[in-house]
Structure formats: C-alpha cells, structure tokens
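So the structure is just underneath, and the comments pick up after that.
Only the coordinates and a few stated rules stand behind these numbers; no lab work does. Keep in mind the model is a prediction, meaning the values are calculated, not measured. Heads up, the Cβs are rebuilt from the backbone with ideal geometry, glycines too, and the neighbour counts pull from every protein chain shown.
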Amino acid sequence: MGLLDELKKEADTLKNQEADRTQTLKANAAVVDQALRKTFHYMNDLFKQLNVVKPACPRVYDLPTVAKIDGLTQSDYRIDYRTSLRENSEHFENLVITFKRSKPEQFSVRREAEQIERFRDLLWQNNIRFVSEPFRNERRVVVYETFKINCEILCSAEVVGDYEEGVIRFKLRNVEDFGPTVYTLEPERVTDNALEELAKLFIGKESQFKEYNRRPSQTGSATGAFRAQPKMAPQYVVAPEPAKPKEEEQKKSGLLGSIKSVLNKPII
C-alpha cells in the first residue's frame, strides 16, 4: 500500500469517526435536554410548595471544633436554568438550585492567633456566614479573634447536562452534609421516582437517590476479564387502569402530592 492509499484510508477512518460522533451527539441532545427539562419542572413545582411550608430539617450538621447545628428550618428555595442553541434548537444546559437551612441563633467562638487563619478557611469552605473581631495587645499584634457564626447553612445544587458523555451530573453542596457530593445519572434514569428521591435530599429526609447513580460496567472485572451476566427473572407488568376524572388527578401520590395536600387542608 502506497503513501497516498494510507492517507486516504486514514482520512476515511477520521470521517467515519466524526460522523459517528455527530450522530451520538444528536442522540444525546434529545435525551439530555428532556431529562433537564423534566427535572426543572418537577423542582420548580416542588419549591413553590416548600417556600410556603418551610419544613423543619431533620439533618444535623457537625461543624468541627465548634458544635453540632440542628433544629434548622428550610426556606428560600430557588431554581434557574441556562439554555444554548444546539442544531438550531434551544436546549437546557444546566440548572442552578439554592436554598438555606437556618435558625435565628449564633455561636460565639474564640480562636488564638495561630488558629485564626485555619478556622476562617474552614468557615469559608463550608460557606458559613460570620463576622469576627480581632483583639490586639499593646504592640498592636493580634492575640486572638472572636467569631460570631450564624446558624445558617447555604445549600446549592447544579444539575449539568453533559452532552458529550450523554449523562446528567448532579453537583450538590452542603445538602447531605458540609461539602460537595456528585451524582451521575443516565438520562433515562431521571424518572419521577428518581426526582422524588432527589427531593427528599433537598428537604433533609433519608433518600435512596444514590441507587440511581451511574455504575461502572458490569461486563469487566478489575483484571480485565469478562464475567458472565446473571440471568434475570422475567418481569411482568400489570396494565394500568384507565385514567379517572379530574377528581382523581388531584390526588397525586408521592412527596410532592403530600406537600400539596398539607397546603390544601382547611384552616380551622
């Protein structure tokens, strides 16, 4: 094979790879955008209810060397989205969620000079609001500093559509505890049940959302050998009953339905 033939073969291979990549991106675009839109509409509806209910948070945050923070109320839920043009069509790129867990109390903490910077970094890293006052000796050297720390946990989540990989990434911060947590889901795994489990995280309840997290391929082992796949028992699905009138539609089950039912209760 001559040089020209080799170059033609390489060019054909690259063209085929680019065509495959284009097809993959198109397929990803549809399912990723759909999953992001589904998440937005569910959470937007949920947050409207939560901002009225303002539920208590059962979670306890342990701020090292300070105290455990509990008895918090959850409020100020917000969600926003960003879009972009893909294939001349508007697609969701990411969602930004913020809310807070707080109570009207403060901790007053004193730190000696050699501990000040490290302690301040701890508060900044965990997005804790505080004010501080340094105390100096007669030579104007800081001897210690008093920190007044608000009992307010700022929580956030960014839901990102990864169009290259065809997955949805949920980047949580201060939601399950101080610090970040990342979940990666296949778009088809972003179901009503998955979103309900995510909603439980956002109100501090026990959740099985991690069960929807993307898992490594089951076909390979650490040694590179392939394992036999377990046989799956046949699954039979019972056909759903025909939809009933509007009266039945109002009785939605699940977390969102139960929150709405609290709001609809008559006030005595």
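Looking at T65, T73, T83, which is the one that is within 30 Å of A30 (Cα to Cα) and either out of contact with any Gly (no Cβ under 6 Å at 6 or more places or on another chain) or in contact (Cβ under 8 Å) with a residue 60 or more places away in the chain (or both)?
T83
Filter the stretch 107-131 down to residues that are more than 18 Å from L154 (Cβ to Cβ) and touching a helix residue (DSSP H, G or I) at 6+ places or on another chain (Cβ under 9 Å), then give me how many there are.
The total comes to 2.
Within the stretch 171-187, does at least one residue satisfy the condition of being among the small types (G, A, S) and surrounded by fewer than 15 Cβ atoms within 10 Å (Cβ to Cβ)?
Yes, the stretch 171-187 has at least one match.
Hey, does the stretch 164-175 have a residue that's farther than 19 Å from N94 by Cβ and free of Cβ contacts under 8 Å to residues at least 60 places away in the same chain?
no
Surrounded by 21 or more Cβ atoms within 10 Å (Cβ to Cβ), touching a strand residue (DSSP E or B) at 6+ places or on another chain (Cβ under 9 Å), touching a residue at least 24 places away in the same chain (Cβ under 8 Å) and among the β-branched types (V, I, T): does that describe V190?
Criteria met by V190.
Would you please name the residue that is farthest from H41 (Cα to Cα), looking only at residues in the stretch 181-205 that are among the hydroxyl-bearing types (S, T, Y) and under 12 Å from the mean Cα position of the chain (by Cα)?
T181
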